[in-house]
Amino acid sequence: MKTSKITLSALTLSFLLIAGSCSNDDDGDGPNPNPNPGGKTCLITQENDGDGHVEIKYEYDSKNRLTKVSDFDDAGKLDEYSTIAYNTDKVVVTNFDDDNSKEGEFTYTIGANGYASKGEWTETYEEDGFTYTGVIVVTYQYDGAGYLAKSVMETTVTSTDPENPGPFKSRLTTENTYTGGNLTASKNTNEILGDMPFTSVSNSTYEYYTDKEDNRGSGSNIRFFLGKGSKNLVKKETHTSEGGSNSIEYTYEINGDKQVTKETSKVGTDTSVTSYIYTCK
């Protein structure tokens, strides 16, 4: 259990970043602001839940690049936030808790194609008087069209606990398939390495509204440097593993400027609503 804290936080972050292939960005050289028919540049600055409570806020620089993402709890209180800094060949994402304490830092190496070739994360925490350190390295591969085709995340955890010093190693491999400009399938292979190896495989498939483009762009994420995103809005996604399968169905509300203003997702009888607020200039 002690080794899982870093692994899970890294898995969560990596999943969010890898999942950026579902978000639209045709150029790969920066955010893809949502242009409306009036010729203005529109960026998502806030996401609210179904009751109108703020969930996420986004901040940008003068180049329309995302610089800060803040997450809020159900009571509207700041839960955690991330800052994003840009250099010529690096993008650094730093995570903080609600007390402004640094939790970890993910550094992306940007290749000549404008996309990340590698991501590196290091996190250290104390538990039961011992220090645990996790090092995560993710490599990214793209197809000829600029879509994220494969990522491999390797995690190593060590401890000052003499009874459990490690290293504990794991590997998560994600392989993506695209059809007609959309991510249609994803295979995840999770391996626990070492003396007692274990492997599990899960698969995801995606269906789309082919008549509705996903023009939310990177105004809703920090993943524009992980390849081109899907062209259309997701209609249904199905996730299958050894434990079974589940599906998520999506519907949307779109305004006169063709901006997605509301997304409703449904899992069985459970429904979740996200509304989007834009700032245009």
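Miscellaneous remarks
- Verdict on ILE84 being closer than 27 Å to THR155 by Cβ and of a type in the set (A, V, I, L, M): yes
- The requirement of being surrounded by fewer than 17 Cβ atoms within 10 Å (Cβ to Cβ), in a strand (DSSP E or B), out of contact with any Pro (no Cβ under 8 Å at 6 or more places or on another chain) and modelled with pLDDT under 95 is not satisfied by ALA75.
- Condition met for THR155 (outside any loop (DSSP other than H, G, I, E, B), under 19 Å from ASN190 (Cβ atoms), modelled with pLDDT under 95 and among the polar types (S, T, N, Q)): yes
- In segment 174-201, residue nearest to the chain's Cα centre (by Cα) [restricted to those that are within 16 Å of GLU154 (Cα to Cα) and small (Gly, Ala, Ser)]: SER200
- Summed over segment 64-103, the residues that are closer than 21 Å to LEU43 by Cα and of a type in the set (Lys, Arg) give a count of 2.
Yes/no per residue for (1) touching a helix residue (DSSP H, G or I) at 6+ places or on another chain (Cβ under 9 Å); (2) touching a residue at least 60 places away in the same chain (Cβ under 8 Å):
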| position | (1), (2) |
| --- | --- |
| TYR140 | yes, yes |
| GLY144 | no, no |
| LEU148 | yes, yes |
| GLY166 | no, yes |
| THR173 | no, no |
| THR179 | no, no |
| ASP195 | no, no |
| TYR208 | no, no |
| GLU213 | no, yes |
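- Each residue in segment 47-72 was checked for being under 23 Å from LYS262 (Cα atoms), acidic (Asp, Glu), open to solvent by less than 60 Å² (accessible area, probe 1.4 Å) and assigned to a loop (DSSP other than H, G, I, E, B), and 1 of them qualify.
- Considering residues of segment 236-265 that are among the charged types (D, E, K, R) and under 20 Å from the mean Cα position of the chain (by Cα) only, the residue most open to solvent (accessible area, probe 1.4 Å): GLU249
- Test for VAL273: is it open to solvent by 30 Å² or more (accessible area, probe 1.4 Å), of a type in the set (A, V, I, L, M, F, W, C), under 26 Å from SER151 (Cβ atoms) and part of a strand (DSSP E or B): no
- Look at segment 57-85: where a residue is within 20 Å of PHE106 (Cβ to Cβ) and in contact (Cβ under 8 Å) with a residue 40 or more places away in the chain and a partner is open to solvent by 70 Å² or more (accessible area, probe 1.4 Å) and among the basic types (Lys, Arg), sitting 6+ places away or on another chain with Cβ atoms under 8 Å, you get VAL69/LYS57.
- Flag if GLY227 is open to solvent by less than 70 Å² (accessible area, probe 1.4 Å) and touching a residue at least 40 places away in the same chain (Cβ under 8 Å): yes
- Restricting segment 126-147 to residues that are of a type in the set (Phe, Trp, Tyr) and open to solvent by 20 Å² or more (accessible area, probe 1.4 Å) leaves a set whose member that is farthest from the chain's Cα centre (by Cα) is PHE130.
- Segment 78-116, residues that are open to solvent by 60 Å² or more (accessible area, probe 1.4 Å) and polar (S, T, N, Q): ASN87, THR88, ASN100, ASN113
- Hits in segment 252-277 (condition: hydrophobic (A, V, I, L, M, F, W, C) and over 18 Å from ASP51 (Cα atoms)): ILE254, VAL267
- Some residue of segment 121-137 being part of a loop (DSSP other than H, G, I, E, B), modelled with pLDDT of 90 or more and more than 30 Å from SER230 (Cα to Cα): yes
- Checked against (1) closer than 22 Å to ALA185 by Cβ; (2) at pLDDT 95 or above; (3) of a type outside the set (S, T, N, Q), VAL273 passes all but condition (1).
The values are calculated or read from the model by the stated rules, or taken from the named source; none is laboratory data. As the structure is a prediction and not an experimental result, all values here were calculated from the model. A quick note on method: Cβ atoms are made from the backbone with ideal geometry, for glycine too, and the neighbour counts reach across all protein chains shown. Heavy atoms of the whole protein, side chains included, go into the accessibility calculation; ligands, DNA and RNA do not. Shrake-Rupley method; radii C 1.70, N 1.55, O 1.52, S 1.80 Å.
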